[in-house]
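Report on the structure given below.
The values are calculated or read from the model by the stated rules, or taken from the named source; none is laboratory data. Only a predicted model underlies this, so the values are computations on that prediction, with no experimental measurement involved. Here Cβ is always computed from backbone atoms with ideal geometry, including for glycine, and neighbour counts include all displayed protein chains. These area figures cover heavy atoms from the full protein model, side chains too; ligands, DNA and RNA do not enter into them. Shrake-Rupley method; radii C 1.70, N 1.55, O 1.52, S 1.80 Å.
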Amino acid sequence: MFVDIHTHFNEPGVAEALGIDMRNPSGSYRTLPSVRMAEFGQFDKQIDVNEKAGIDKRLMSSPFGAEMFSAMTDKPSLDVVKASNDSIATTVARKTDRLWGMGTANPLDATHIKEAERCMGPLGFKGLLCTTSWHGRYLDNEEAFPFWEWAQGTKTPIFLHPVR
């Protein structure tokens, strides 16, 4: 029997490379009751727990990191999303027999379409995971139309996930 799950992960150092001090996160990200930030970067612990639970494959993504980090840095959101997607690609490469990747993008920003294409092409991801809003702006407005048209035209699987 195969057991597959979807999980999130951030490679250590992604936030710091974006100029974010995760020891002292600012604003509304100071406390995330549903998330233990320290465990996001403990790859071996996550693999061990999943193997003990009989999990065969994990679909890895980090849309929350991308959305959250983009609010915590002065870097353009596209740079943040690229760093997040590169992190997932690195994670998947560690254990390709057990991990698949999903990229992320901000559907409200048409410049993210090229990054979505990179996810589905060179990075080899299985689809995209997008949060249902980006900094409180929902994905059902005209700003997102170019992204949805691209996704429909390319038949890219999209997994919508509520934000934190």
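Figures for the structure shown
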{"quantity": "Qualifying positions in region 71-128 - modelled with pLDDT under 95, outside any loop (DSSP other than H, G, I, E, B) and among the charged types (D, E, K, R)", "calculated": "Arg94"}
{"quantity": "Checklist (1) of a type outside the set (Phe, Trp, Tyr); (2) in contact with a Leu (Cβ under 9 Å, 6 or more places away or on another chain); (3) assigned to a helix (DSSP H, G or I) applied to Gly153, failing item", "calculated": "(2)"}
{"quantity": "Qualifying residues in region 77-114 (those that are acidic (Asp, Glu) and under 20 Å from His6 (Cβ atoms)) - the one most open to solvent (accessible area, probe 1.4 Å)", "calculated": "Asp97"}
{"quantity": "Some residue of region 125-133 being surrounded by fewer than 17 Cβ atoms within 10 Å (Cβ to Cβ) and at negative phi", "calculated": "yes"}
{"quantity": "Pair list, Cβ under 9 Å, 6 or more apart: region 139-164 residue in contact (Cβ under 8 Å) with a residue 40 or more places away in the chain and open to solvent by less than 70 Å² (accessible area, probe 1.4 Å), other residue aromatic (Phe, Trp, Tyr) and in a helix (DSSP H, G or I)", "calculated": "Thr156/Trp150; His161/Phe64; Val163/Phe64"}
{"quantity": "Among residues of region 17-67, those that are of a type in the set (A, V, I, L, M), farther than 20 Å from Ser87 by Cα and either at pLDDT 80 or above or part of a helix (DSSP H, G or I) (or both), counted", "calculated": "3"}
